[in-house]
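A short reminder: the numbers here are calculations on the coordinates, not readings from a lab. Given the structure is predicted, the values throughout are model-derived calculations rather than measurements. Backbone-built Cβ (ideal geometry, glycine too); neighbour counts: all protein chains shown.
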Amino acid sequence: MKPDRRTFLASASSVGLALAQQQPGTNGHGVPVTVSATYHSFDPALPPLSSDTVKRVHMTSQEVPVSIRPNTVVSGWTFDGDIPGPVIHVRQGDTVEFTLTNRGMMPHSMDFHCAEVNPRTAFRSIAPGESISFSFTPRYAGAFLYHCGTPPILLHIGSGMFGAIIVDPLTPLPLAKEFVLVQSEFYLMEPKNGISSFNYTKMLSTVPDIVAFNGRPAQYHDAPVRVKRGDRVRFYVVSAGPTHPCYFHVVGQQFETVYLGAPPESAVHGIQTFSVPAGGGMVFEFTADLVGEFPFVNHGFGHGQKGAAGLLIVEP
Ligand SMILES: [Cu+2]
């Protein structure tokens, strides 16, 4: 069957529909929402890996307000009610049995970049109230994006429907303090009733208002990531976009290793900055052998300045 562009791109009418659904101060369907979202930071620590070789993952899609900083609430479209969605941690060769239940008010779907499946069936959109299940076995280790693939994909990713799935190699990497950073852009309307809706026209113009790690601009400046001197530090960096890369850099450090593809292969050494493309993920490592405060930034500083920056504190 010939690929259908509508699988990936919205028709003008569906964009118009989405825009109509994006009225400020509503839940995306013209229904007024109240600001009930309270701010919380997003834990960057990689969740532990369970020993089960079958990983059952159940997520919900839902449209809910999300507080992305203490005075900013956005009308998020989410997985499990947060931006980004939960960090999933599996091992290469595991069977991932995934179910998505759509508790939202519009169609949504799930696309895992570490899954090799027929997207026509596994990644198809489901209507409100429906569920979809599929399984896959990650062939490669690494840091992978997942996202809603319902047209227009730009709007669904741009409204918060993304997250990271980390796949460990069969032979574990050296012990490290491990953190996950998912970079994304926010394109917002002026707030109404305390809530900022997403702005599709701005998404198309690709000039974001905010760029953030794990959904909150500069959150790890206010609450830094902490390790001890001598720790090996490993960052799994995923660029959700929807459009821009992350030029990942740690001030005052050099990466001993950047895994360009599946760890432990394709390792390059002695790297100052490396670009993680939109829709991609990479693994960065160094040893924290100096005590101090080390900013980790998107070195594309137009976006670092808009929030894609944090602080790593190395304690004695
Ligand atoms: Cu969606």
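Its alpha carbons considered, the stretch 253-316 gives a radius of gyration followed by a Dmax of 12.9, 37 Å. The simple spin-label model puts a point 7 Å past each Cα toward its Cβ; for Ser205 and Leu260 those points are separated by 3.7 nm. Remark: relative contact order (the chain) = 17 percent; criterion is Cα-Cα distance under 8 angstrom and separation of 6 or more residues. Put simply, the amide H of Lys192, placed in the peptide plane, has neighbours under 5 Å in Gly25, Ser197, leaving out anything fewer than 5 places away on its chain. Using Stokes-Einstein with the Kirkwood hydrodynamic radius over Cα pairs, what translational diffusion coefficient do you get for the chain at 10 °C and a viscosity of 1.306 mPa s, in µm²/s rounded to a whole number? D, rounded to a whole number, is 80 µm²/s.
With the simple model of a label 7 Å out from the Cα in the direction of the Cβ, Ser51 to His269 spans 3.4 nm.
Run through the stretch 208-274 and list the trypsin sites (Lys or Arg not before Pro) located in a DSSP loop whose Cβ has at most 10 other Cβ atoms within 10 Å.
Here no trypsin sites (Lys or Arg not before Pro) fit, given the DSSP loop and packing criteria.
Across the stretch 179-315, the relative contact order, built from alpha-carbon pairs under 8 Å that are at least six residues apart, equals 30 percent. Close amide-amide hydrogen proximity is noted between Val276 and Cys246, Tyr247, Phe248, each under 5 Å apart and 5 or more residues distant or on a separate chain (H modeled in the peptide plane; Pro and chain starts excluded).
Relative to the longest principal axis of the Cα atoms of the chain, helix 12-21 runs at roughly 90 degrees. Using a Gaussian network model of the chain in which every pair of alpha carbons under 10 angstrom is joined by a spring, one finds that among Asn118, Asn298, Asn102 the greatest mean-square fluctuation is at Asn118.
Building the convex hull from the alpha-carbon atoms of the stretch 179-315 and averaging its projection over directions returns 8.4 nm². Note on the chain: antiparallel DSSP beta bridges, both residues inside, total approximately 70 percent of the bridges counted.
Of the GluC sites (Glu not before Pro) found in the stretch 93-172, the ones in coil according to DSSP and having at most 13 other Cβ atoms within 10 Å of their Cβ are Glu116, Glu130. Only lysine pairs 8 or more places apart or on separate chains count here, and in the chain those with Cα atoms under 26 Å apart total 5.
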